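Novice: Here it is, the structure, as C-alpha cells.
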Amino acid sequence: MGGESSTMARTLRRIPNLVYYSLPPREDMPWREKWLTDIKPVLDTLDLERVLGEGTLIYLKLLIVMVLYSCSYRDAVKMVNVNVVVAWFVGRKVGKSTLHDFVGRVYEVRKKLLEISFKLEEKCLPSYLPASAHFLDFIAWLVDSFLLDLPFGKRSVETFREKAELEKKEGNLKKAKKLLSLGRTKRRFKGKWTKKRGVSHFGLKALIVISTSLFVRSITVKPANFSDKRFKSPLKGIKIADRGFSPSPTQLIAMEKPFTTLRAHVEFFGTFLYKFWRPYGTTVWRNEAFLHVLGVFYNIRMFLAVQRRTPPGRRIVQL
C-alpha cells in the first residue's frame with residue numbers, strides 16, 4: 001500500500017484544486033444530486049479518515065459517486081469537471097488510476113468502515129426508529145442472502161462443466177452431456193453458477209446481517225453456489241433467517257409471527273442493493289469492497305430517513 005500512497009500524493013500535487021460555482025436550488029436538482037447534498041454533512045462528521053488515512057475521504061466520496069451513478073472510474077473522475085454538485089460533494093480532483101488503487105485500501109478496512117457507519121443507529125432516538133425495531137424485547141439480527149449476477153462472458157469449458165453438474169443433479173443426463181461438449185475460451189469474471197427457482201445464475205452471493213432497525217451490520221461475499229446452510233455469522237446473538245439457513249441454538253428460522261414480519265424487512269435492503277448493483281470488477285474482492293461502500297451509503301440513507309421523522313429540534317443533523 002506504500003506505493004499507492006505515494007501515487008496519491010503525486011496526483012494531489014499535480015492536479016489543481018477545483019473552482020467552485022454556486023449550487024442550483026435544491027428543488028431544481030435531480031434526485032441523485034439531492035442525495036449527495038443530503039449525505040455529505042453526515043459523511044463529513046464520521047471518523048472515516050482514521051481508518052482510511054488523512055486526506056483520503058475524497059476517494060471514498062468518488063466511490064460513492066460510482067455507486068450512485070453506476071459509472072466507471074473514468075466517468076466518476078470526469079463528473080467532477082462537469083457536474084457542479086459532484087464537484088462540491090467530492091471537493092477535489094483525483095486521477096483515475098489513483099482511485100482504482102484506492103479500492104485495495106477500502107477492501108482492507110471494509111469491516112471497520114461498515115462498523116463506523118452502523119454506529120449512526122446509536123445516534124437515532126429509539127422512538128423514531130422503524131417499527132421493526134420494536135418487535136422484539138431482545139437483541140436480534142436479521143439474515144438473508146442475495147444473488148449478484150455477473151457477466152458470464154464468452155463460452156468456456158469451466159462454465160459449461162458447472163452447468164452440466166447442475167443438470168446432473170436434476171437428472172437431465174442428456175442435456176448435461178451436451179453441455180460438456182461446448183465451450184473453449186477462458187472466463188473473465190470470477191464467479192460460480194447456481195440455480196434458484198429453476199433459473200440459472202452466474203456470479204456471487206451477498207450474505208447480509210442487519211439490525212431490526214434495518215441498519216446493515218455485516219456483509220459477506222461468497223460464490224453464487226455457496227449454500228446458505230454453511231453460513232456462520234461473524235456477530236454474536238440471535239439471528240433470524242429463512243428456511244434456507246441451518247437452524248441452530250443461535251439461529252432461528254422464521255416460521256411464525258413476529259419473525260415472519262421481521263424477515264420481510266430484509267427485502268428493503270435487497271431492493272436498495274439491486275438498484276445500485278453492477279459488476280465493479282472481475283475479481284471477488286474488488287466487488288466486495290464496493291458492496292461495503294454501498295453498505296456505508298445505505299446506512300447513511302437510513303440515518304437520514306430516521307432524522308426526517310424526528311422533530312427538528314431533536315435531530316442530530318438539520319435537514
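The values are calculated or read from the model by the stated rules, or taken from the named source; none is laboratory data. Every value quoted in this text rests on a predicted model; they were computed, and no experiment measured them. Methodologically, a virtual Cβ is constructed for each residue, glycine included, from the backbone with ideal geometry; neighbour enumeration extends over all protein chains shown. Accessible surface is based on the protein model in full, side chains and every heavy atom, while ligands, DNA and RNA are left aside. Shrake-Rupley method; radii C 1.70, N 1.55, O 1.52, S 1.80 Å.
Novice: Take THR282 and decide whether it is over 19 Å from the mean Cα position of the chain (by Cα), surrounded by 13 or more Cβ atoms within 10 Å (Cβ to Cβ) and over 14 Å from ALA206 (Cβ atoms). Give the steps one after another, and end with the answer.
Specialist: Details: over 19 Å from the mean Cα position of the chain (by Cα): no; surrounded by 13 or more Cβ atoms within 10 Å (Cβ to Cβ): yes; over 14 Å from ALA206 (Cβ atoms): yes.
Against the criterion (over 19 Å from the mean Cα position of the chain (by Cα), surrounded by 13 or more Cβ atoms within 10 Å (Cβ to Cβ) and over 14 Å from ALA206 (Cβ atoms)), THR282 does not qualify.
Novice: Filter region 44-68 for residues that are surrounded by fewer than 16 Cβ atoms within 10 Å (Cβ to Cβ), within 20 Å of ALA87 (Cβ to Cβ) and touching a residue at least 40 places away in the same chain (Cβ under 8 Å) and give the result.
Specialist: GLY55
Novice: Please enumerate the residues belonging to region 139-166 that are modelled with pLDDT of 90 or more and of a type outside the set (A, V, I, L, M, F, W, C).
Specialist: If the condition is that a residue be modelled with pLDDT of 90 or more and of a type outside the set (A, V, I, L, M, F, W, C), then ASP144, SER145, ASP149 are the ones that fit.
Novice: Among what's in region 79-110 and is modelled with pLDDT under 95 and out of contact with any helix residue (DSSP H, G or I) (no Cβ under 7 Å at 6 or more places or on another chain), pick the residue that is least open to solvent (accessible area, probe 1.4 Å).
Specialist: Checked region 79-110; the qualifying residue least open to solvent (accessible area, probe 1.4 Å) is ASN83.
Novice: Follow-up. Just to check your reading of the model, which residue among ILE210, ILE240 is of a type in the set (Val, Ile, Thr) and either modelled with pLDDT under 90 or assigned to a helix (DSSP H, G or I) (or both)? Working first, answer last.
Specialist: On the way: ILE210 fails: either modelled with pLDDT under 90 or assigned to a helix (DSSP H, G or I) (or both).
That would be ILE240, the only listed residue that is of a type in the set (Val, Ile, Thr) and either modelled with pLDDT under 90 or assigned to a helix (DSSP H, G or I) (or both).
Novice: In addition: Identify, from the list LEU304, LEU252, the residue that is part of a strand (DSSP E or B), under 21 Å from ALA133 (Cα atoms) and either without any contact (Cβ under 8 Å) to a residue 12 or more places away in the chain or aliphatic (A, V, I, L, M) (or both).
Specialist: Values: LEU304 fails: part of a strand (DSSP E or B).
Only one candidate passes the filter, namely LEU252.
Novice: State whether one or more residues within region 117-125 are closer than 30 Å to SER233 by Cα, at pLDDT 90 or above, open to solvent by 20 Å² or more (accessible area, probe 1.4 Å) and assigned to a strand (DSSP E or B).
Specialist: Of all residues in region 117-125, those closer than 30 Å to SER233 by Cα come to 117-125.
Add one more test, that the residue is at pLDDT 90 or above, and what stays is 117-125.
Next, only the ones that are open to solvent by 20 Å² or more (accessible area, probe 1.4 Å) stay: 118-119, 121-123, 125.
Now narrow it down to the ones that are assigned to a strand (DSSP E or B): none.
No.
Novice: In region 181-207, what residues are within 22 Å of LYS111 (Cβ to Cβ) and at pLDDT below 90?
Specialist: Correct list: LYS190 only.
Novice: Among (1) in contact (Cβ under 8 Å) with a residue 60 or more places away in the chain; (2) farther than 19 Å from GLY281 by Cα, where does PHE160 come up short?
Specialist: All conditions pass for PHE160, except number (1).
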